[in-house]
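Please read the structure below before turning to the comments.
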Amino acid sequence: MSDEMRAKFQEAEAVGRVDSADLRSSRPTTDTKLDGVGPRARAMAKLREMIYCARPKLMTFWQRIDAAGQGVAPLSEWAKAMRACVVADDEFPWEWLQPIMLPMEPIEESGQLPETFHYVSFLTQYENALSKKLADQLHSSAVILMADNVTSKQEAEAAWNLIDRNGDGKLSYQELRPLLRSSALAINNASLEEDRVYSVLVKMDRDRTGFVDKAEFVRAVMRALQFQQSLNQGGSTPGSPVDLMSNEGGSSSSPLSPMHALGLQYGSQLEKRRKRAHDLRKELAQWTESDIANCWAATQAAIRALATTCGCASSVFQVLDGDGDGAIDRQEFQKGLMQLLRGSPLLKAFDRWEPLLWKLVDEDGSGFVSPQELNMAFSVRQFMSI
């Protein structure tokens, strides 16, 4: 990141710096808010970014003490891992934050809190929507590289016997790393490689144990082969959801019951999601795997750059909107990206992947990026497990 951009973030975040005093506050302070967001909310947003970037290291930390390979770790190890992998400061209030960031339900029989937590579920709560879309597109090719020349379920099962070298029936994060070497990325960056291995692991790990077993591996390979076949055939078309609550035989003017109206609303939302997914596949099909991989890498690098500053995704817009007109044009977007990724080898291929990133961020195709679009592109969201 350039010194100029770092200074802009410091100025933009002057009233929202992350410190333990903000985090210990039981409710947002009455200080002046920046863009309607108070210091405590901005502090939590910053922590989400930092945890998101530390997911591979946290996964490794907890897997080393998960001898049974069940995806659980002692609750006492949560704060230790956060201090080792996220903020290495003995004074940082991780113990105070634990019940906020890792809420636990008491055991019904005893009323006591559990002594362990499901670390995979905790880690997979933290997502960036844009990065996930791109990573999902790259997932199939990564899996196929693991099982070279496999074309059937029987061959996938045979490939597993070669991959599972220690014969314990599962692959950990550390065991997957050497199997997922990629030539699609234009750069050799340890952090990005860790992010890529992590994204493939959690995609394959259907039962959220933190490990990939044989059934999960075979399933992932078969789905990857099907996905590649669909791409070679030109992709699929968006399906229309079956309207199980259609009003066949009734008058079109008949009033809808609440359940009927809810069903129609859900069907409409489902159709919109399917169309967006189809449009995304159609768009990405026009780009090479290398372009998609480097676009994903640029997104991850931007989030990591933000995590190292006092700025967070909600303040990116203010920094990039150079003329203050309330919208970011293509030139401002390009200038901001180049400053954000200053020193990164990704900039050598900037002209190849930046057009794709711009299309994905400018979702409505207006030629300008709104605060909502930019925030959705680079913010880290926490999806609580139920």
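Suppose the filter is surrounded by fewer than 18 Cβ atoms within 10 Å (Cβ to Cβ) and either outside any loop (DSSP other than H, G, I, E, B) or of a type in the set (S, T, N, Q) (or both); does Ile107 pass it?
Working: surrounded by fewer than 18 Cβ atoms within 10 Å (Cβ to Cβ): yes; either outside any loop (DSSP other than H, G, I, E, B) or of a type in the set (S, T, N, Q) (or both): no.
Against the criterion (surrounded by fewer than 18 Cβ atoms within 10 Å (Cβ to Cβ) and either outside any loop (DSSP other than H, G, I, E, B) or of a type in the set (S, T, N, Q) (or both)), Ile107 does not qualify.
Of the residues making up the range 145-162, just one is of a type in the set (Val, Ile, Thr) and either exposed (fewer than 14 other Cβ atoms within 10 Å of the Cβ) or closer than 20 Å to Gly210 by Cα (or both), namely Thr151. Once the range 284-331 is narrowed to residues that are of a type in the set (D, E, K, R) and open to solvent by 30 Å² or more (accessible area, probe 1.4 Å), the residue that is modelled with the lowest pLDDT is Asp323. Return yes or no: is Leu360 closer than 24 Å to Glu194 by Cβ and open to solvent by less than 20 Å² (accessible area, probe 1.4 Å)? Against the criterion (closer than 24 Å to Glu194 by Cβ and open to solvent by less than 20 Å² (accessible area, probe 1.4 Å)), Leu360 does not qualify. Those helices (runs of 4 or more DSSP H) of the range 14-83 in which 1 or more residues are modelled with pLDDT of 80 or more, in contact with a strand residue (DSSP E or B) (Cβ under 8 Å, 6 or more places away or on another chain) and not acidic (Asp, Glu) occupy 39-53, 55-65.
When Asp148 is tested against (1) free of Cβ contacts under 8 Å to residues at least 12 places away in the same chain; (2) in contact with a helix residue (DSSP H, G or I) (Cβ under 7 Å, 6 or more places away or on another chain), exactly one condition is not met: (2).
Exactly one residue out of Arg165, Arg177, Arg206, Arg196 is of a type in the set (D, E, K, R), open to solvent by less than 30 Å² (accessible area, probe 1.4 Å) and out of contact with any Cys (no Cβ under 7 Å at 6 or more places or on another chain): that is Arg196.
Among the residues of the range 86-104, those identified as within 16 Å of Ala43 (Cβ to Cβ), crowded, with 16+ Cβ neighbours inside 10 Å and out of contact with any Ser or Thr (no Cβ under 9 Å at 6 or more places or on another chain) are Val86, Val87, Trp94, Leu97, Gln98, Met101.
The values are calculated or read from the model by the stated rules, or taken from the named source; none is laboratory data. These figures come from a predicted structure and were not determined experimentally. Cβ: placed from backbone, ideal geometry, glycine included. Neighbour counts: every protein chain shown. Surface areas here come from the heavy atoms of the whole protein model, side chains and all, with no ligands, DNA or RNA. Shrake-Rupley method; radii C 1.70, N 1.55, O 1.52, S 1.80 Å.
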